[in-house]
1. Inspect all residues belonging to the stretch 76-84 and state whether any of them is at pLDDT below 90, within 30 Å of residue 13 (Cα to Cα) and open to solvent by 70 Å² or more (accessible area, probe 1.4 Å).
2. Of a type in the set (Val, Ile, Thr) and either modelled with pLDDT of 80 or more or over 18 Å from the mean Cα position of the chain (by Cα) (or both) - does that describe any residue in the stretch 30-38?
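The values are calculated or read from the model by the stated rules, or taken from the named source; none is laboratory data. Note that the structure is predicted; figures quoted are calculated from it, not measured. Side chains are part of the model used for accessible areas, which takes the heavy atoms of the whole protein and leaves out ligands, DNA and RNA. Shrake-Rupley method; radii C 1.70, N 1.55, O 1.52, S 1.80 Å.
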Amino acid sequence: MQNKRERSPGGILALWVFYAFCGYFIWTVMHYMWVIGKVTTFLDSLAGDDPCVISSKLLGVMLRFMALSAVGAILASIAWYTRPRDVPDQ
């Protein structure tokens, strides 16, 4: 029979930091979707205006999303590395 070890305090902290980041990531994605929604409503009214403003907002959202994804991947790998592992019963 195998016993499952408990997470270390550092592992618990890593997991909670990852959970908190997931909540922040979801909130940020919803905020960015709201920003993109505002930009697309501007597309109708700004048909003849400078498209650089619109494209810069969309590019900024994409770059921030990629940066947050990279941070999330790092935090997920730390939480996975600190997971409890099965140990053989001796």
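1. Yes - at least one qualifying residue is present in the stretch 76-84.
2. First, pick out the residues of the stretch 30-38 that are of a type in the set (Val, Ile, Thr): 35-36.
Subset that is either modelled with pLDDT of 80 or more or over 18 Å from the mean Cα position of the chain (by Cα) (or both): none.
No, the stretch 30-38 contains no residue that is of a type in the set (Val, Ile, Thr) and either modelled with pLDDT of 80 or more or over 18 Å from the mean Cα position of the chain (by Cα) (or both).
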